[in-house]
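Quick notes on the structure that follows.
Values in this text are rule-based calculations from the coordinates and carry no lab data. Keep in mind that what you see is a predicted model, and the values were worked out from it rather than measured. A quick note on method: Cβ atoms are made from the backbone with ideal geometry, for glycine too, and the neighbour counts reach across all protein chains shown.
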Amino acid sequence: MIERQTHEALLANAATIKALRSFRIEPEYDWDVRDAAAVIGAPFNRYLKRQPADRSNCGIVQIAASHMRYFDDLPYFGQWEQTNLLRAEFGDRVCEYPDVHGCGEWVQTHVLIKWIAEEVLKLGRGNKVILVGHPHHVCRVAILAQHYGLNPIVVPACAHIAYDHNWCRRGVQLWCTWPVFYIPWEYASRQMLIRMIQQGKI
């Protein structure tokens, strides 16, 4: 049994590495969100407490909210940048990653997605999720979601989530302000994940 589990884990890691090595930036989009267990999202860029939300995270929130209104029993799992905006309308349906509070924290995407996957699977409603994120980030998020056992459906509206070009905001992550900065960062992040998988760290 242990050998079988090890073999399956190696195959899963190989599939994740293959996906991360792709030069594809945007994900495959899908409309079929029936039977989803939750809406999930990953922040793109950052804003701080008592600061206006940035354009990218506002776009993620708008799409997440539209699906939560349509499917009125679905929870949302994500980070402060979105949950801070969603909670007023959706209350306890909003589940927040516990270690980010709008004070400048930075959580690696794979850490956030592992937590989300664990929380979604605890629901016992299956592994299909509606995934919302910035179009140049969400492909990697989807790969990680699959790695941790989820079946992410990236909705087409994500293609329209914009960069926020204001690099003077407090808390801004400069590499998330323009594609010329972000896309090299994205490819470097994928290489880092590949190395971490090879070293058994994730």
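Any lysines with Cα under 24 Å of the Lys18 Cα? List them, leaving off those in the same chain fewer than 8 positions away.
The qualifying lysines are Lys114, Lys128, Lys201.
Would you pull out the residues with amide H under 5 Å of Val132's amide H, same chain only if 5 or more places away, H placed 1.01 Å from N?
Distant-sequence amide H within range of Val132: Ile40, Gly41, Ala42.
Roughly how many Å is it from the Cα centre of region 58-106 to that of region 133-188, as a whole number?
About 17 Å separates the Cα centre of region 58-106 from the one of region 133-188.
Over all Cα pairs of region 1-120, how is the pair count split among 5 Å bins, expressed in % and running from 0 up to the last occupied bin?
2, 10, 17, 19, 18, 14, 10, 6, 3, 1, 0
If you stretched the chain out fully between Leu11 and Ala162, how much longer would it get, using 0.36 nm times the residue separation minus the C-alpha to C-alpha distance?
That pair, Leu11 and Ala162, stretches by 50.8 nm at full extension.
In Å and on Cα atoms, what radius of gyration and Dmax does region 68-180 show?
Cα only, region 68-180: 14.4, 44 Å (Rg, Dmax).
Give the residue list of GluC sites (Glu not before Pro) in region 3-95 that are DSSP loop and have at most 15 other beta-carbon atoms within 10 angstrom.
Hits after loop and neighbour filter: Glu28.
Give me D for region 111-165 in µm² s⁻¹, whole number, from Stokes-Einstein with Rh from the Kirkwood sum over alpha-carbon pairs, 20 °C and 1.002 mPa s.
184 µm²/s
Enumerate by residue number the trypsin sites (Lys or Arg not before Pro) in region 1-100 meeting two conditions: DSSP loop (anything except H, G, I, E, B), and at most 14 other Cβ atoms within 10 Å of the site's Cβ.
Here the trypsin sites (Lys or Arg not before Pro) that fit, given the DSSP loop and packing criteria, are Arg21, Arg24, Arg34, Lys49, Arg50.
Which loop-located chymotrypsin sites (Phe, Trp or Tyr not before Pro) does region 63-107 contain, where loop means any DSSP state but H, G, I, E or B and the Cβ has at most 12 other Cβ atoms within 10 Å?
Trp106
Quick one: if you stick a label point 7 Å off each Cα along the C-beta vector at Gln62 and Arg170, how many nm between them?
The answer from the label model is 2.6 nm.
Using only the alpha carbons of the chain, determine the length spanned along each of the three principal axes and report them from longest to shortest in whole angstroms.
52, 39, 31
Considering region 124-199, what Rg and Dmax in Å follow from its alpha-carbon atoms?
Cα-based Rg and Dmax for region 124-199 come out at 14.4, 44 Å.
What does the extension gain come out to for Val107 and Asp92, with contour length at 0.36 nm per residue minus their alpha carbon separation?
Length gained between Val107 and Asp92: 3.1 nm.
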